[in-house]
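Values quoted throughout were computed directly from the atomic coordinates according to the rules given, and no laboratory measurement underlies them. Keep in mind the model is a prediction, meaning the values are calculated, not measured. When we count neighbours, we look across all protein chains shown, and the Cβ atoms used for this are built from the backbone with ideal geometry, even at glycine.
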Amino acid sequence: MPELPEVEIQTRQLARRLRGAKILALELPDAKLRLPLSIVGRTIQLVWRRGKFIIFDLDDGRHLLAHLRMTGWFEFDRPQHYRAAILTDKVAVYFEDSRRFGILTAVSARKLMAVLKPLGPEPLPDGDLDGLSKTTRAVKVALLDQRLVAGIGNIYASESLWRAGIHPRRQANRLDAAEQRRLRRGIVTALRKGITYGPRIFELQRFAVYDRAGDPCRRCGTRIRRIVQAQRSTFFCPVCQH
DNA sequence: AACGTACCCTGCCGGC
DNA sequence: TGCCGGCAGGGTACGT
């Protein structure tokens, strides 16, 4: 499920429980996911987020690097199925990931840098959108490009544009200053709301437009439309967004 | 640079 | 009830 808000929540949970924890053992039931045994005995010093990546700093200079992709999630109670388990002197962490697109791996500091380097700026607390002004692509598609701004995914791209009143097919580099300002605010508000609600936002149906095709716009009542851009669904209000 | 397609996997949902 | 196609919040590789 995860976009920036969900990854942020996971990171906070992991940081709270794993900071200072010493890895005692690993379980690796999925052969597709590999972690070296040499991380056993290492202590996790910090857990932090960059874009949609979660990084665990180890006390030997290496890092665990995780990306949840579509279905990845860390659990602290042992689930039915999991791809990996990290058992520590504080708590056990299970990496659940039904579609198995997710990533959990150990990397050197150098490799970590290489992975994070292409990422654009963080949209929170009030990240800049300068990258968007450099592309002619549709603004919705540009928002999904992690090199331009890091952490926004398919849901929050639609949500942010609705808040900003900007049509998803607008060319990214042709937004005027006022529109850029509204978009920045729209992104910040949408992401903050996601963090506040947590993953419950899906069950609580708190999205303004995402997955609401045919339902009334919460601002003007017009039916929300669904279109496809770059092979992915976009939702927007044809009246509120220009 | 910007598009399109295929692919990586599994689970769920609606229609028949 | 059971099967089947389509779809899903992520990203990469490739060709045009």
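Summary table below
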{"read-out": "Unit charges on C-beta of K, R, D, E only; dipole of the range A:144-242, Debye", "value": "200 debye"}
{"read-out": "Using a Förster distance of 51 Å, the FRET efficiency for A:Ser133-A:Lys90 (Cβ separation, nearest 0.05)", "value": "0.65"}
{"read-out": "Paramagnetic label zone (point 7 Å from Cα along Cα-to-C-beta, A:Ser108; backbone N under 14 Å) in the range A:29-62", "value": "A:61-62"}
{"read-out": "Label point distance in nm, A:Asp60-A:Ala31, each placed 7 Å from Cα along Cα→Cβ", "value": "2.6 nm"}
{"read-out": "Length-normalised contact order for the range A:130-236 - Cα pairs under 8 Å, 6+ apart - percent", "value": "26 percent"}
{"read-out": "Area projected by the alpha carbon convex hull of the range A:106-180, averaged over all directions, nm²", "value": "5.7 nm²"}
{"read-out": "Sequence-distant lysines (8 or more away, or on other chains) whose Cα lies within less than 26 Å of A:Lys90", "value": "A:Lys22, A:Lys52"}
{"read-out": "Peptides A:164-177, A:30-43 ordered by average Cβ neighbours within 10 Å, highest first", "value": "A:164-177, A:30-43"}
{"read-out": "Chain lengthening between A:Arg232 and A:Arg19 when straightened (0.36 nm per residue, less Cα-Cα)", "value": "72.9 nm"}
{"read-out": "At R0 = 41 Å, FRET efficiency that the Cβ-Cβ distance of A:Tyr197 and A:Leu46 yields, to 0.05", "value": "0.95"}
{"read-out": "Share of pairwise Cα separations in the range A:130-236, more than 25 Å, in percent", "value": "14 percent"}
{"read-out": "Spacing of the two label points (7 Å from each Cα toward its C-beta) at A:Asp126 and A:Gln80, in nm", "value": "4.7 nm"}
{"read-out": "Taking all pairs of distinct alpha-carbon atoms in chain A, Kirkwood radius in angstrom", "value": "19.0 Å"}
{"read-out": "Residue-count net charge about A:Thr11 - beta-carbon cut-off 15 Å; Lys, Arg +1, Asp, Glu -1", "value": "+1"}
{"read-out": "Rg(Cα)/(2.2 N^0.38 Å) for the range A:54-186, N = residue count", "value": "1.29"}
{"read-out": "Cα gyration tensor, the range A:7-121 - rounded (a/c under 1.5), prolate or oblate", "value": "rounded"}
{"read-out": "Peptides ranked, highest mean first, by Cβ atoms within 10 Å: ranges A:186-196, A:208-218", "value": "A:186-196, A:208-218"}
{"read-out": "Magnitude of the charge dipole, chain A, Cβ model with Lys/Arg +1 and Asp/Glu -1, debye to 20", "value": "640 debye"}
{"read-out": "Over 17 Å [Cα-Cα, the range A:1-50], rounded percent", "value": "52 percent"}
{"read-out": "Helix-only CD estimate at 222 nm, as mean residue ellipticity for chain A, using -39500 (n - 2.57) per DSSP H run (n ≥ 4)", "value": "-8000 deg cm²/dmol"}
